[in-house]
Amino acid sequence: MILSLIFNDNFSSGGFYVFPNLAIAGLVYVSAYLDLYPGWLTVYILFYIYGSMTPLNPAVFGFIGTLSYAVSYILWRKIPYDNAAVEMLAAFIASSVYCLSLFLIVFYCYGMHFLYWDFFLSYGFPMSVSTALFSPAVFFLFKKAGYKIFLKKNKIIYL
């Protein structure tokens, strides 16, 4: 996730960019194995770092990241996560929540007015689908690296 934060090119065309798909899929994977508070804190820090590389307020991205984390955390507690179809569904829903909350914050707080359907069809839906398609590969790499065992044992952050 950190590499996708570092290598995300946000300022090349002057457009408005959001968090990379691979990092959202990583967020969904981490939410399956972390408790709520350590995961919330980890995701907030990562999204805040990303937000500092964009034209928007970093706290906005921290908020959106934690909201997406909460949605994927609830999904993992309600449904089993042993097959790729469920992983793709969870990644699609978390990415859709991310895009919807980003749209609402930009539209209402910052006054950038554009149609929701244009935003959804040109950015939100393609991003959510591509995140869902990338997620099995990201999950497979995390599982091969042994992050499931690491996250369950260490809980990443002790507070």
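The values are calculated or read from the model by the stated rules, or taken from the named source; none is laboratory data. No experiment lies behind these values; they were computed from the predicted model shown. A quick note on method: Cβ atoms are made from the backbone with ideal geometry, for glycine too, and the neighbour counts reach across all protein chains shown.
What to note about this one:
- Looking across TYR37, TYR50, one residue alone is at pLDDT below 75, over 19 Å from ALA137 (Cα atoms) and out of contact with any Asp or Glu (no Cβ under 8 Å at 6 or more places or on another chain). It is TYR37.
- Identity of the residue in the range 69-90, touching a residue at least 12 places away in the same chain (Cβ under 8 Å) and within 17 Å of ASP35 (Cβ to Cβ), that ends up surrounded by the most Cβ atoms within 10 Å (Cβ to Cβ): TYR69
- Test: residue in the range 91-110 that is loosely packed, with under 12 Cβ neighbours inside 10 Å, among the aromatic types (Phe, Trp, Tyr) and at pLDDT below 80: yes
- Looking only at residues in the range 61-81 that are in contact with a Phe, Trp or Tyr (Cβ under 9 Å, 6 or more places away or on another chain) and β-branched (Val, Ile, Thr), the one that is nearest to ILE93 (Cα to Cα) is VAL71.
- Near pairs, Cβ below 6 angstrom, 6+ apart or cross-chain, from the range 118-131 (on the phi < 0 side of the Ramachandran plot) to any residue that is aliphatic (A, V, I, L, M) and modelled with pLDDT of 80 or more: THR131/ALA91
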